[in-house]
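The values are calculated or read from the model by the stated rules, or taken from the named source; none is laboratory data. Quick caveat, the model's predicted, so the values are computed rather than measured. Ligands, DNA and RNA are stripped out before the accessible areas are found, and what is left, the full protein with its side chains, is counted by its heavy atoms. Shrake-Rupley method; radii C 1.70, N 1.55, O 1.52, S 1.80 Å.
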Amino acid sequence: GYFYSRWNKCIHSSHDLSDIVFIDNYIFNKDVFIQFNSTVGEFVGYTELGVFNARKWNSDSGRLQSERAEVERYCKHNAEAYQTVVADKS
């Protein structure tokens, strides 16, 4: 059979969230074939299919803008909530 998954995560080490990074991975049969990293600012392909899709997705300004906005919309929002509820209470 075939296995497809997608996972994303936010990474940061500073309390003020100034170094937060959003990573969005597309995985096929347990191998990442394309990835968006907010530090890079665009999709990077790691296989033939990934390179093809990265070129296509990077030429779509709406898709890139949406992925880049995830740092503010998803990462910082959730990290601030986590710090308020959990980290600042310890």
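Would you mind calculating the gained length between Val51 and Lys30 on full extension (0.36 nm times residue separation, minus the Cα-Cα distance), in nm to one decimal?
Extending this stretch completely gives an extra 5.8 nm.
If each DSSP helix of 4+ residues adds -39,500 (n - 2.57) and the sum is divided by the residues in the chain, what number results at 222 nm, nearest 500 deg cm²/dmol?
Taken over the chain, the calculation gives -10000 deg cm²/dmol.
Can you pull the percent of segment 4-87's accessible area that's carbon plus sulfur, 1.4 Å probe, other chains left in place?
53 percent
Report the far tail of the P(r) of the chain, meaning the percent of Cα-Cα pairs longer than 23 Å.
Beyond 23 Å sits 33 percent of the P(r) for the chain.
Any idea of the accessible area per residue across the chain, 1.4 Å probe, to the nearest Å²?
I get 68 Å² per residue for the chain.
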